[in-house]
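Working notes, beginning with the structure itself.
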């Protein structure tokens, strides 16, 4: 795997500034591939039930937790490393009439500030690609899960065909990923930390279709809105389009992908 020098500070800068606003414009408030439908598929495969305590790691704007509270009546908890995102999550949760239903904390997902054996579900949607130490992330997720609890997440990964170091570095640098895990890599991490694999889906083929959708939205429908967000910088706009086209190519080739994984703590 090709690693970059990206840190949490770099990721926080993205989601505190215009890049984060741009991603929300393109992908919606949930800021993950497939939006509501993807969240529902993950929740169903994880067998989410009313009243469960769910911890969303890298909870961003809190849309994932609000989805779960509204549709499954869970007890929601969120942890994110970007202060702006935590503040926005609190504000938007109140705006949606859910004040008191979700607790958010600012912190490091590799040092979770909750006690062990505390949650029924640890949840994540297309966000753990930003975490530097994914081994420690999974270790901490397992620690805070109750026996029989479920880890349920989607993520952007190196696809089944793999990437050259050069191609991986290009994508990681553009996306501000420290590195991308692979589907098999995540499976191994779950096993290492005492979790039994229940679901492991390769979503690479549909992932490419979504990248095409985002590229079309920026180039055909939302150009004015996107340009306003980035200060009317046409060169930057063209550069973003070029990088997204490169990611599309690699997704079509099977080198850049997405996975959905569910595991159970025995």
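What follows is calculated from the coordinates using simple rules that are stated; it is not laboratory data. Quick caveat, the model's predicted, so the values are computed rather than measured. Using ideal geometry, Cβ is built from the backbone for each residue, glycine included, and neighbour counts are taken over all protein chains shown.
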| Averaged over all directions, how much area does the convex hull of the C-alpha atoms of segment 113-251 cover when projected, in nm²? | 9.9 nm²
| task | Please give the calculated 222 nm ellipticity per residue for the chain, where each DSSP H segment of at least 4 residues contributes -39500 (n - 2.57) and the sum is spread over every residue; nearest 500 deg cm²/dmol? | result | -14000 deg cm²/dmol
| note | Pseudo-spin-label distance residue 235 to residue 16, built 7 Å along Cα→Cβ, given in nm, is 2.6 nm
| field | Relative contact order [Cα under 8 Å, 6+ residues apart], the chain, whole percent | value | 23 percent
| said: Can you give me the C-alpha center-to-center distance between segment 78-102 and segment 117-156, rounded to a whole angstrom? | reply: 20 Å
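Expressed as cubic angstrom per residue, what is the convex hull volume of the alpha carbon set of segment 94-175?
141 Å³
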| For the chain, share of DSSP beta bridges that run antiparallel, in % to the nearest 5 | 45 percent
| request: Once you have the Cα-Cα distance between residue 165 and residue 135, take 0.36 nm times their residue separation minus that, and quote the gain in nm to one decimal. | output: 8.7 nm
| note | Per the rule of 0.36 nm per residue minus the C-alpha distance, extending residue 3 to residue 173 adds in nm 60.3 nm
| query | Quick one, what does Rg over Rh come out to for the chain if you take C-alpha atoms and the Kirkwood Rh? | reply | 0.95
| query | Where the centroid of each part is defined by its Cα atoms, how far is segment 1-58 from segment 222-245 in Å? | reply | 22 Å
| task | Please give the contour-minus-distance gain from residue 196 to residue 50: 0.36 nm per residue of separation, less the Cα-Cα distance, rounded to one decimal in nm. | result | 50.3 nm
| remark: Note on segment 1-88: alpha-carbon gyration tensor, axes a ≥ b ≥ c; rule is a/c under 1.5 for rounded, else prolate if a/b larger than b/c, else oblate; result prolate
